[in-house]
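Scroll down for the structure; my scribbles are underneath it.
The values are calculated or read from the model by the stated rules, or taken from the named source; none is laboratory data. Just so it is clear, the model here is predicted, and its values are computed rather than measured. Cβ coordinates were reconstructed from backbone atoms using ideal geometry, including for glycine residues, and neighbour counts include every protein chain displayed.
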Amino acid sequence: MAVTLKALWRDPVFRAGLLLRVLLIVALVPQIQHEWFIPFLEHAIAHPSLDPWTEYLDAGGTPLAYPYGPTMLLAHLPGALPGWLLDAVTGSDVFTGIGFRISLLLADLAALSLLYRLFPRHPRKLLWLYWWSPIVLFVTYWNGQTDIVPVALLLLSLVLLRQYRATASGLALGFALAAKFSMLLAVPFVGIYLWRNKRLRSLLKPFAGGLAAGFLPQLLWLASPGIRTMVLGTHESGRIFDFALPLGESLQLYLTPTLYLLAAYGVWRLRRMSFDLLIAVTGLSFFLVVLTTPAPPGWYLWLVPFLVAHQLQGDRSAMLLTGLLSALVIALHLVISPGAGVPPLGWYPQSAIASVSAQLAPHLLSLWMTMVIATGLVLIVQMLRERVARNDYFRIAQKPVTIGIAGDSGAGKDTLSHALTDIFGKHTVVHLSGDDYHVWDRFAPMWKGLTHLNPRANDLQRFNDDALALMDGKPVACRHYDHAAGRFLPAVQLQRNDVVIVSGLHALRMPRLSQRFDVSVYLDIDEDLRRAWKIHRDVNERGHPLENVLRSIERRALDAQRYILTQRSTADLILKLRPVNIRQLETASSPKDLPLKLSATIRNGTYHERLARMLIGICGLHLDIELAEDSDEVEMTIEGDVSAEDIALAAGTLAPNLQEMLDIHPKWEDGMTGIMQLMALLQIEESLKNRIR
């Protein structure tokens with residue numbers, strides 16, 4: 001936080017806002033603080049006890065004084081205690097209140113810093129939208145409410161969650177929940193976010209553990225009679241039952257919980273959620289509850305971070321609507337809430353406010369509240385449309401990402417499939433292999449007249465149907481071909497998943513299937529290298545005799561030209577690996593150890609210039625680019641050594657919007673395999689942009 005605030009201190013907008021807050025802290029004394037909060041804190045400090053709530057009630061204090069538990073007390077004491085000591089030394093009665101309000105200022109600063117971490121791209125705009133938010137200034141410094149503390153803790157939980165620090169995030173949310181039970185509204189949406197993103201499911205257990213550790217110990221305080229009276233006895237929690245419809249003579253339908261549960265179900269139905277979507281739907285849930293209850297002014301403070309997020313990403317209408325809502329809310333609560341006095345000027349407007357409020361007709365107040373709710377509903381609709389329905393990730397996530405990989409036998413289809421699986425995460429990918437759709441096993445006599453490259457030797461209709469079924473979110477039963485044994489294993493169920501990879505000799509042959517791929521890749525490996533790879537794989541990994549492998553290569557050459565190479569014309573991305581020095585094929589102990597260069601043909605892509613700058617400037621590779629005169633094809637030749645760390649850095653820079661689709665710790669490869677991973681990812685990004693247009 002210190003680094004962020006130090007950077008913000010240079011901005012006069014921040015300094016002016018801080019000065020205004022200091023003046024408000026010194027000049028204003030909110031009535032609820034003066035009559036309720038400060039007397040409780042003074043008694044708790046003067047009479048130390050493990051149960052200050054019961055002690056205060058036993059001393060004749062009002063049950064309305066402090067409707068908060070231990071977490072909020074710990075947040076207020078660092079400011080109130082020094083103030084109380086100053087009051088004791090000077091004989092004054094103002095410093096405890098000033099210290100209390102300083103604790104709110106610290107929470108306010110923390111909220112600003114945390115918002116800055118969530119939205120670092122808009123520092124100046126964020127200052128205006130949050131630091132000068134009328135609702136924040138009115139609720140915290142004029143009205144004297146303390147909701148800024150649980151809001152800051154909720155923001156801390158979100159920042160930690162974005163950093164994948166699940167236990168700490170759960171702990172912070174647990175403390176937010178203990179500070180204000182209303183923060184429970186956020187818990188289901190965080191749980192849905194972690195569960196629906198398969199790459200994040202491993203974080204769900206530590207998050208739940210942190211949440212329990214932060215909140216459950218607070219339940220021990222329920223043994224306190226004072227806690228039960230002052231905290232649980234507050235009427236605020238009952239507000240969610242005020243909006244109801246009668247059901248017969250004795251029953252009611254509580255609409256606020258009903259609408260909230262419907263919203264939670266709608267979010268549960270999303271296939272995947274991005275962090276931006278989590279922010280949006282959490283804000284909408286708070287909005288829904290605030291607008292369907294007779295909300296006190298502090299509840300509107302819950303909305304501020306989410307309104308800031310909406311305005312940062314929205315247009316001028318979002319700011320106008322937020323400004324209108326702020327003005328309506330403040331105008332309403334100026335006449336129905338007690339507000340603050342100004343002791344230095346001897347001005348105490350509470351009696352005047354009460355007089356004005358008494359003269360206002362209930363019909364007029366109801367009409368004003370109707371305007372507040374109507375404006376809020378318009379904002380909800382706008383947030384649903386702009387932050388959810390038009391969210392790129394929301395629109396992408398409704399269908400799986402589909403990748404087709406074709407190429408000759410031994411071209412590296414499985415290698416690339418596994419490499420792509422490593423960056424998306426095994427839990428996110430379903431892989432359909434064309435080898436599993438051979439019609440016969442290795443020992444069938446039909447192979448004497450046919451090769452695997454011949455379409456008649458493969459059940460391409462079932463291959464096509466199963467691939468399309470997975471793309472449509474349906475499971476399929478698929479038998480697996482065991483290359484070591486040459487036999488088919490019993491069929492297993494392949495479930496739908498977020499990423500569908502279809503690889504095989506004929507993956508791009510059928511138009512109905514190839515047109516459904518977001519990205520189609522053809523591996524056109526140098527023939528001498530492919531032969532070396534195939535011999536190494538079939539002899540050393542699959543146990544075939546060398547003479548059989550050589551004979552198979554010769555038999556397949558004609559079928560490769562006839563059935564496999566033709567798929568090259570349909571691919572979005574053609575990748576061709578070649579040895580840097582062809583003579584090294586004769587002397588290398590393994591063809592997998594050879595230094596390679598990559599020739600890539602890019603179709604339907606516009607990222608080649610950005611990629612070239614990154615590969616040259618960051619990765620230090622040698623690069624040649626040729627643009628075709630009669631088409632939009634781009635030919636790139638890449639040569640040099642590159643580490644997985646550099647590839648990861650390039651991916652984060654070139655495709656930041658896809659990082660949430662990757663595994664928490666994606667496994668990038670060194671060398672040309674890593675470059676192929678990167679190019680496939682950029683081609684995916686290009687295709688998904690076209691999908692959402």
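Against the definition (part of a helix (DSSP H, G or I) and crowded, with 21+ Cβ neighbours inside 10 Å), how does Leu156 come out, yes or no?
yes
Tally time: how many residues in segment 1-21 are modelled with pLDDT under 90 and buried (at least 17 other Cβ atoms within 10 Å of the Cβ)?
2
From Glu660, Glu645, Glu686, grab the single residue that is over 25 Å from Asn604 (Cβ atoms), of a type outside the set (Val, Ile, Thr) and assigned to a helix (DSSP H, G or I).
Criteria check complete, one pass: Glu645.
In segment 337-371, what residues are outside any loop (DSSP other than H, G, I, E, B) and over 24 Å from Leu28 (Cβ atoms)?
Gln359, Pro362, His363, Leu364, Leu365, Ser366, Leu367, Trp368, Met369, Thr370, Met371
Considering segment 219-236 alone, what residues qualify as being exposed (fewer than 14 other Cβ atoms within 10 Å of the Cβ), without any contact (Cβ under 8 Å) to a residue 12 or more places away in the chain and either of a type in the set (Gly, Ala, Ser) or within 12 Å of Gly69 (Cα to Cα) (or both)?
Result: Leu219, Leu220, Leu222, Ala223, Leu232.
I'd like the full set of residues that are hydrophobic (A, V, I, L, M, F, W, C), touching a strand residue (DSSP E or B) at 6+ places or on another chain (Cβ under 8 Å) and within 22 Å of Gln677 (Cβ to Cβ), limited to segment 513-556.
Once the filter is applied, which keeps residues that are hydrophobic (A, V, I, L, M, F, W, C), touching a strand residue (DSSP E or B) at 6+ places or on another chain (Cβ under 8 Å) and within 22 Å of Gln677 (Cβ to Cβ), segment 513-556 yields Phe517, Val519, Val521, Leu523, Ile525, Leu529.
Regarding Leu453, is this residue more than 28 Å from Met661 (Cβ to Cβ) and touching a residue at least 24 places away in the same chain (Cβ under 8 Å)?
Spelling it out, Leu453 is indeed more than 28 Å from Met661 (Cβ to Cβ) and touching a residue at least 24 places away in the same chain (Cβ under 8 Å).
Yes/no per residue for (1) among the aromatic types (Phe, Trp, Tyr); (2) in contact with a helix residue (DSSP H, G or I) (Cβ under 7 Å, 6 or more places away or on another chain):
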site: Trp440; (1), (2): yes, yes
site: Met446; (1), (2): no, no
site: Arg462; (1), (2): no, yes
site: Asp465; (1), (2): no, no
site: Gly473; (1), (2): no, no
site: Cys478; (1), (2): no, yes
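Applying the selection to segment 404-435, what residues are in a helix (DSSP H, G or I) and more than 26 Å from Leu529 (Cβ to Cβ)?
Phe424, Lys426, His427, Thr428
So that you can scan it fast, the table gives a plain yes or no per residue for (1) touching a strand residue (DSSP E or B) at 6+ places or on another chain (Cβ under 6 Å); (2) more than 26 Å from Met661 (Cα to Cα); (3) free of Cβ contacts under 8 Å to residues at least 60 places away in the same chain:
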{"site": "Arg385", "(1), (2), (3)": "no, no, yes"}
{"site": "Val401", "(1), (2), (3)": "yes, no, no"}
{"site": "Lys413", "(1), (2), (3)": "yes, no, no"}
{"site": "Leu432", "(1), (2), (3)": "yes, no, no"}
{"site": "Ala444", "(1), (2), (3)": "no, yes, yes"}
{"site": "Asp459", "(1), (2), (3)": "no, yes, yes"}
{"site": "Phe463", "(1), (2), (3)": "no, yes, yes"}
{"site": "Asp482", "(1), (2), (3)": "yes, yes, yes"}
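Could you check how many residues of segment 191-201 are more than 19 Å from Gln659 (Cβ to Cβ) and buried (at least 22 other Cβ atoms within 10 Å of the Cβ)?
So the count comes out to 0.
With respect to Asp408, determine if the residue is among the acidic types (Asp, Glu), within 36 Å of the chain's Cα centre (by Cα), on the phi < 0 side of the Ramachandran plot and outside the structural domain of Lys198 (by TED's automatic domain parsing).
Judged against the criteria, Asp408 is not a match.
Rundown of residues vs (1) closer than 30 Å to Ser92 by Cα; (2) modelled with pLDDT under 95; (3) among the hydroxyl-bearing types (Ser, Thr, Tyr), yes/no style:
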| residue | (1), (2), (3) |
| --- | --- |
| Trp302 | no, no, no |
| Leu325 | no, no, no |
| Val335 | no, yes, no |
| Gly341 | yes, yes, no |
| Tyr348 | yes, yes, yes |
| Ala354 | yes, yes, no |
| Pro362 | no, yes, no |
| Leu367 | no, yes, no |
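May I ask you to say which residue of Gly314, Gly339 is more than 30 Å from Gly266 (Cβ to Cβ) and surrounded by 15 or more Cβ atoms within 10 Å (Cβ to Cβ)?
Only one candidate qualifies: Gly339.
Could you check segment 1-113 for helices (runs of 4 or more DSSP H) lying wholly inside it with 2 or more residues that are more than 27 Å from Ser224 (Cβ to Cβ) and β-branched (Val, Ile, Thr)?
2-9, 12-27, 70-90
Would you be able to tell me the number of residues in segment 132-146 that are touching a Gly at 6+ places or on another chain (Cβ under 7 Å) and surrounded by fewer than 24 Cβ atoms within 10 Å (Cβ to Cβ)?
So the answer is 3.
Evaluate segment 600-614: report whether one residue or more is touching a His at 6+ places or on another chain (Cβ under 6 Å), in the same structural domain as Ala457 (by TED's automatic domain parsing) and at pLDDT 80 or above.
Yes, some residue in segment 600-614 is touching a His at 6+ places or on another chain (Cβ under 6 Å), in the same structural domain as Ala457 (by TED's automatic domain parsing) and at pLDDT 80 or above.
Sort through Thr96, Thr54 and tell me the only one that's surrounded by 15 or more Cβ atoms within 10 Å (Cβ to Cβ) and farther than 22 Å from Leu216 by Cα.
On inspection, the qualifying residue turns out to be Thr96.
Check off (1) surrounded by 21 or more Cβ atoms within 10 Å (Cβ to Cβ); (2) assigned by TED's automatic domain parsing to the domain that holds Phe275 for Ile403 and give me the number that stays unchecked.
Unmet for Ile403, out of (1) surrounded by 21 or more Cβ atoms within 10 Å (Cβ to Cβ); (2) assigned by TED's automatic domain parsing to the domain that holds Phe275: (2).
Assuming Asp315 fulfils every condition listed in (1) modelled with pLDDT of 90 or more; (2) under 20 Å from Tyr130 (Cβ atoms) apart from one, which condition is it?
Of the numbered conditions (1) modelled with pLDDT of 90 or more; (2) under 20 Å from Tyr130 (Cβ atoms), the odd one out for Asp315 is (1).
Filter segment 240-287 down to the residues that are more than 30 Å from Met661 (Cα to Cα) and either of a type in the set (Gly, Ala, Ser) or in contact with a Lys or Arg (Cβ under 9 Å, 6 or more places away or on another chain) (or both), then identify the one that is surrounded by the most Cβ atoms within 10 Å (Cβ to Cβ).
By that ranking, first place goes to Thr256.
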